[in-house]
Amino acid sequence: MSDALFDNWDQAIDNFVAFVSTVDDWETASPCPGWSVSDLVAHIIDLESQLAGDPQPEHTPDWSSLSHVSSDFGRFTEIGVDYRRGRSHESLLEELTDCHTRARERLSSLPSDASLPWLRGDTPLPRLLGMRTFDVWVHEQDIRMAVGQPGNTTGPGAREALKTLPSALPKIWAKNAGAPAGAVLEVAITEPGLSADLFVTVGDDGKAAFTDGGEPVASLSMPWMTFVALACGRSPEIDLSSSVQLSGDHELASTVLGSLAVTP
C-alpha cells in the first residue's frame, strides 16, 4: 500500500489544526446541527482516538438537552463530543495531535490488506485512510464556512471528496429521480477548486451507472464548493439560486438537486 494514503491523512490533520488554531471564537455555530467549532474539533479527536485503539469514553450525555441528536449514529458520535465540552482550545489541540500520532503508528503497523471494524462495519485499511482524509477535510470546510474564511479547496482531502461524494449519483438518477432507460444526467462541477464533468446513464435494467458522455436530458452545473455543501447536506448555508444552473428537464434536475446529500 502506498505511503501516500498515510501522507494524505497527515496532511488533512495538519491543515485542520493549522486553520482551527487561527479561529478566535470556537463557540461559533457550525453547519453541523448542534455543534460548534469546538465540537467539531472534539469529533475529529474522538474518531482519531478510536483509531488509536482507545475505548469510547464512559460518558452519558444529558440527551434531553441535545435536541439535534435523533438517531443511533448521532448518539454514537455525540458521546465523545459531549465528553470533551468545556475543555480549553490548547488541551483539545494537544489531544488531537497525540491521538493522530498514535492512530497513525497503529495503522501503519498493520498489513496493507487489513480490515478494521469502523463506523459502518469492517473496512479495508486503504478505504479507511481515504475516509479519514475526506472526513477531516469536510469538517475543516465546515469551520471555514462557519467563520467565513473559505480556502483549501484542492489537495488530498478535496480529491477524496471528489471520489466519494458523486458516488450516489447513479442511485439518485435512477431511483430518486426515476429517470427512464437511456436517460443521461450531466453534473458539471466547476472551479474555483476542483472540476469534473460527470455523466450518468440509466440502463435497460433500470439501474444507472457512470458513462463517458451522451446527450443529457437533464443537467446541473455548480461550483465545486457548492457541490460539496449540497452533497454534505450543508445547503441551507448557500444561495442555490445564484450558484446552481439547471437545464433540460427541470423536474428531473430539481429532484436530483434535492437528493444530493449523501453524508450522515
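The values are calculated or read from the model by the stated rules, or taken from the named source; none is laboratory data. Just so it is clear, the model here is predicted, and its values are computed rather than measured. Here the Cβ positions follow ideal geometry from the backbone for every residue, glycine too, while neighbour counts run over all protein chains shown. Side chains included, ligands, DNA and RNA excluded: accessible areas come from the protein's heavy atoms. Shrake-Rupley method; radii C 1.70, N 1.55, O 1.52, S 1.80 Å.
Before moving on, here are some points about what is shown:
- Residue check for Asp54: touching a residue at least 60 places away in the same chain (Cβ under 8 Å), in a loop (DSSP other than H, G, I, E, B) and either over 17 Å from Asp14 (Cα atoms) or not acidic (Asp, Glu) (or both): no
- Residue in segment 78-86 that is of a type outside the set (Gly, Ala, Ser) and under 22 Å from Asn15 (Cβ atoms) present: yes
- Residue check for Arg120: exposed (fewer than 15 other Cβ atoms within 10 Å of the Cβ) and modelled with pLDDT under 95: yes
- Of all residues in segment 79-124, those that are of a type in the set (Phe, Trp, Tyr) and in contact (Cβ under 8 Å) with a residue 24 or more places away in the chain total 1.
- Test: residue in segment 218-229 that is assigned to a loop (DSSP other than H, G, I, E, B), in contact with a Pro (Cβ under 9 Å, 6 or more places away or on another chain) and open to solvent by 30 Å² or more (accessible area, probe 1.4 Å): no
- Residue count for segment 61-93 under the criterion of being surrounded by 10 or more Cβ atoms within 10 Å (Cβ to Cβ), within 26 Å of Asp24 (Cα to Cα) and not aliphatic (A, V, I, L, M): the result is 12.
- For Ser115, the conditions (1) open to solvent by less than 60 Å² (accessible area, probe 1.4 Å); (2) within 23 Å of the chain's Cα centre (by Cα); (3) not aliphatic (A, V, I, L, M) are fulfilled apart from (1).
- Between Ala42, Ala114, the distinction of being closer than 23 Å to Gln141 by Cβ, touching a helix residue (DSSP H, G or I) at 6+ places or on another chain (Cβ under 6 Å) and either at pLDDT 95 or above or of a type in the set (A, V, I, L, M, F, W, C) (or both) belongs to Ala42 only.
- When Glu94, Glu58 are checked against the criterion of being at pLDDT below 95 and charged (D, E, K, R), Glu58 stands alone in meeting it.
Residue-wise test of (1) farther than 18 Å from Arg87 by Cβ; (2) open to solvent by 10 Å² or more (accessible area, probe 1.4 Å).
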| site | (1), (2) |
| --- | --- |
| Phe6 | yes, yes |
| Ile13 | yes, no |
| Asp25 | no, yes |
| Thr28 | no, yes |
| Pro31 | yes, yes |
| Gly34 | no, yes |
| Leu40 | no, no |
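Conditions tested, residue by residue: (1) charged (D, E, K, R); (2) out of contact with any strand residue (DSSP E or B) (no Cβ under 6 Å at 6 or more places or on another chain); (3) closer than 21 Å to Ala161 by Cα.
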| position | (1), (2), (3) |
| --- | --- |
| His43 | no, yes, yes |
| Leu51 | no, yes, yes |
| Thr60 | no, yes, no |
| Leu66 | no, yes, no |
| Arg84 | yes, yes, no |
| Glu105 | yes, yes, no |
| Arg120 | yes, yes, yes |
| Arg132 | yes, yes, yes |
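- Number of the condition not met by Ser195 [criteria: (1) open to solvent by 70 Å² or more (accessible area, probe 1.4 Å); (2) of a type in the set (Gly, Ala, Ser); (3) under 21 Å from Ala161 (Cα atoms)]: (1)
- Just one of (1) open to solvent by 30 Å² or more (accessible area, probe 1.4 Å); (2) out of contact with any Leu (no Cβ under 8 Å at 6 or more places or on another chain) fails for Ser254. It is (2).
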